[in-house]
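**Q** Right, I'll just put the structure down here and ask away after.
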Amino acid sequence: MENIKSLSSFDQEIFDLIEKETKRQEDEIELIASENYASPAVLEAMASSLNNKYSEGYPGKRYYGGNAIIDDVETLAIERLKKLFGAEHANVQALSGSPANAAVYMAFLEPGDKVLGLKLDHGGHLSHGHSVNFSGRLYNFVQYEVAENGVIDMEKVREVALKEKPKMIVAGFSAYSRDLDWKKFKEIADEVGAYTFADIAHIAGLIAGGCLSSPVPYFDVVSSTTHKTLRGPRGAFILCKEQFAKQIDRAIFPGMQGGPHDHITAAKAVAFKEALQPEFKIYCQQIIKNAKTMAEKFMELGYEIVSGGTDNHLMVIDLRNKNISGLEAEKALEKIGVSVSRSTIPNDPAPPMRPSGVRIGTPAITTRGFEEQEVLMATEFIDLALRNKDDEKVLSEIKEKIKELCSKFPIYKK
Ligand code: DSN
């Protein structure tokens, strides 16, 4: 390959931008609840020759030649994933969270079928039935909500399910900080004859690490991304009961997708192996300890947390009593080198682009080694920045302190 050069010698612009982004990640505090830092081993697998292969089909049944090694890679990923979650069947080809969910709907539903999902501004995900998303356009979604206290009231879910008689009930979220009662969801679904679908994209790592309860024993089908608390490559998977294996596999290929991304499948296998190590449990416990510490500190500082706390890796802060919008908070924190995502709060009176809250999560800072002491420092920095959001001098002083703190917890540059 003499005519093909390395990145640094062929494309200095992209090389430099990657270097800059790596430095930004090293110097700043990442609190976006859905982000994490994949290990060097995961990144190496992603940047491998497996990128070059086409392998439509499944191990032993491919539509292209030369797939014997890819079959071994995919089989390893499947076996590790089944072991991690105690699942009967696993599909590791889903390219990302929304396509995985689309495949689940395709496997179980006809267009127009009725489905029950958590409303977006109550913590749900776009692909759980929002009107602008394919899910809300193709299927007849009815939405359930959190109660006044910010927690899902299972009796209310039951009432909606009995009234609407959906064909499927979706449990899962993007911005909800409480553990879900999977068993109760299953009981309700059985009462109305609905399929059960859990989207565990945010909490897959915490479930794998034994820190949160798992829907796998109860639910018909479970989807997840692989790059959030699970700390793998960007991608997804689907787990299901053996009786649904064929329909799930067919919905992914040939239903939704063409060739799987084999380099990502390899990286998923590496991430699953990492999550099977005893240290991963300790990592997950620390994610939750860090989130609880942060939520308590925020409340002590007069912030309102939706639902009054957290059981998992995230919290949504209702900023209305601080007279700052989620967008303003996101922008002010960007100036001190802290990334968060603005978020709606339940029944948000403000528009989605300028919602009343921010969502904050601890998976990434925990990966780089932050424990309670650093979490308390980060929380105080955030509070100081929000109180001085228009004072550039204060903001730049905080940014320097954050850089100094981060330098003690390198991600890749050990
Ligand atoms: N973008 C992801 C999140 O932030 O939760 C979900 O799609």
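The values are calculated or read from the model by the stated rules, or taken from the named source; none is laboratory data. Just so it is clear, the structure is predicted and the values come from calculations on it, not from any experiment. All Cβ positions, glycine included, derive from the backbone under ideal geometry; neighbour counts span all protein chains shown. Only protein heavy atoms, including side chains, enter the accessible area calculation; ligands, DNA and RNA are left aside. Shrake-Rupley method; radii C 1.70, N 1.55, O 1.52, S 1.80 Å.
**Q** State all residues of the stretch 205-229 that are under 10 Å from the mean Cα position of the chain (by Cα) and touching a residue at least 60 places away in the same chain (Cβ under 8 Å); if no residue qualifies, say none.
**A** Within the stretch 205-229, 205, 224, 225, 227, 228, 229 qualify.
**Q** Output the residues belonging to the stretch 60-99 that are assigned to a strand (DSSP E or B) and touching a Lys or Arg at 6+ places or on another chain (Cβ under 6 Å).
**A** Within the stretch 60-99, just 90 meets the criteria.
**Q** Across the stretch 114-133, which residue is farthest from the ligand (Cβ to nearest atom) among those that are open to solvent by less than 40 Å² (accessible area, probe 1.4 Å) and touching a Leu at 6+ places or on another chain (Cβ under 9 Å)?
**A** Of everything passing the filter in the stretch 114-133, 115 is farthest from the ligand (Cβ to nearest atom).
**Q** Could you list all residues from the stretch 359-369 that are in a loop (DSSP other than H, G, I, E, B) and either within 16 Å of the ligand (Cβ to nearest atom) or crowded, with 23+ Cβ neighbours inside 10 Å (or both)?
**A** Within the stretch 359-369, 362 is the sole residue that qualifies.
**Q** Just give me the residues in the stretch 94-103 being within 17 Å of the chain's Cα centre (by Cα) and surrounded by 24 or more Cβ atoms within 10 Å (Cβ to Cβ), in sequence order.
**A** Within the stretch 94-103, 94, 97, 100, 101 meet the criteria.
**Q** Select from the stretch 3-37 the residues that are closer than 13 Å to residue 412 by Cα and among the polar types (S, T, N, Q) and list them in ascending order.
**A** 22, 25, 36
**Q** Also, I was wondering about something else. Which pairs turn up if I take residues in the stretch 23-42 that are over 19 Å from residue 407 (Cα atoms) and open to solvent by less than 40 Å² (accessible area, probe 1.4 Å) and look for partners that are of a type in the set (D, E, K, R) and within 16 Å of the ligand (Cβ to nearest atom) with beta carbon separation below 9 Å, at least 6 apart in sequence or on another chain?
**A** Within 9 Å, the pairs are 32/359; 33/228; 33/359; 34/228; 34/359; 42/231.
**Q** Does residue 298 satisfy the condition of being among the aromatic types (Phe, Trp, Tyr), farther than 30 Å from residue 226 by Cβ, assigned to a helix (DSSP H, G or I) and modelled with pLDDT of 95 or more?
**A** No, not satisfied.
**Q** Let me ask another. In the stretch 48-57, is there at least one residue being surrounded by 13 or more Cβ atoms within 10 Å (Cβ to Cβ) and assigned to a helix (DSSP H, G or I)?
**A** Yes, some residue in the stretch 48-57 is surrounded by 13 or more Cβ atoms within 10 Å (Cβ to Cβ) and assigned to a helix (DSSP H, G or I).
**Q** Taking the stretch 316-341, which residues are open to solvent by less than 10 Å² (accessible area, probe 1.4 Å), more than 14 Å from the ligand (Cβ to nearest atom) and not in a strand (DSSP E or B)?
**A** Answer for the stretch 316-341, where residues must be open to solvent by less than 10 Å² (accessible area, probe 1.4 Å), more than 14 Å from the ligand (Cβ to nearest atom) and not in a strand (DSSP E or B): 319, 329, 332, 333, 336, 337.
**Q** While we're looking at this one, here's another question. Would a scan of the stretch 342-358 turn up a residue that is modelled with pLDDT of 95 or more, under 15 Å from residue 231 (Cα atoms), assigned to a strand (DSSP E or B) and open to solvent by less than 10 Å² (accessible area, probe 1.4 Å)?
**A** Among the residues of the stretch 342-358, not one is modelled with pLDDT of 95 or more, under 15 Å from residue 231 (Cα atoms), assigned to a strand (DSSP E or B) and open to solvent by less than 10 Å² (accessible area, probe 1.4 Å), which makes the answer no.
**Q** In addition: Considering (1) open to solvent by 40 Å² or more (accessible area, probe 1.4 Å); (2) away from the ligand (no atom under 14 Å from the Cβ), say which one residue 238 fails and leave the rest.
**A** (1)
**Q** Taking the condition of being more than 30 Å from residue 63 (Cβ to Cβ), β-branched (Val, Ile, Thr) and open to solvent by less than 20 Å² (accessible area, probe 1.4 Å), how many residues in the stretch 254-287 meet it?
**A** The qualifying residues number 1.
**Q** Answer yes or no: is there a residue in the stretch 134-152 that is in contact with a His (Cβ under 9 Å, 6 or more places away or on another chain), within 16 Å of the ligand (Cβ to nearest atom) and free of Cβ contacts under 8 Å to residues at least 24 places away in the same chain.
**A** yes
**Q** Still on this model: Can you tell me which of 380, 374 is open to solvent by 80 Å² or more (accessible area, probe 1.4 Å) and either of a type in the set (A, V, I, L, M, F, W, C) or not in a loop (DSSP other than H, G, I, E, B) (or both)?
**A** Going through 380, 374 in turn, just one is open to solvent by 80 Å² or more (accessible area, probe 1.4 Å) and either of a type in the set (A, V, I, L, M, F, W, C) or not in a loop (DSSP other than H, G, I, E, B) (or both): 380.
**Q** Considering only the stretch 197-212, state which residues are open to solvent by less than 10 Å² (accessible area, probe 1.4 Å), within 14 Å of the ligand (Cβ to nearest atom) and not aliphatic (A, V, I, L, M).
**A** Matches in the stretch 197-212: 202, 205.
**Q** Related question: For residue 288, are the conditions met, namely being among the β-branched types (Val, Ile, Thr), within 19 Å of residue 371 (Cα to Cα) and touching a Cys at 6+ places or on another chain (Cβ under 6 Å)?
**A** yes
**Q** Among the residues of the stretch 383-406, how many are under 20 Å from residue 293 (Cβ atoms) and open to solvent by 30 Å² or more (accessible area, probe 1.4 Å)?
**A** Residues meeting the conditions: 2.
**Q** Can you name every residue in the stretch 152-180 that is assigned to a loop (DSSP other than H, G, I, E, B) and surrounded by 17 or more Cβ atoms within 10 Å (Cβ to Cβ)?
**A** 152, 166, 167, 173, 174, 175, 176, 177, 178, 180
**Q** If residue 194 satisfies all but one of (1) surrounded by fewer than 24 Cβ atoms within 10 Å (Cβ to Cβ); (2) modelled with pLDDT of 95 or more; (3) small (Gly, Ala, Ser); (4) away from the ligand (no atom under 16 Å from the Cβ), what's the number of the condition it fails?
**A** Unmet for residue 194, out of (1) surrounded by fewer than 24 Cβ atoms within 10 Å (Cβ to Cβ); (2) modelled with pLDDT of 95 or more; (3) small (Gly, Ala, Ser); (4) away from the ligand (no atom under 16 Å from the Cβ): (1).
**Q** Check off (1) of a type in the set (Phe, Trp, Tyr); (2) within 16 Å of the ligand (Cβ to nearest atom); (3) touching a Pro at 6+ places or on another chain (Cβ under 7 Å) for residue 182 and give me the number that stays unchecked.
**A** Here residue 182 clears every test but (2).
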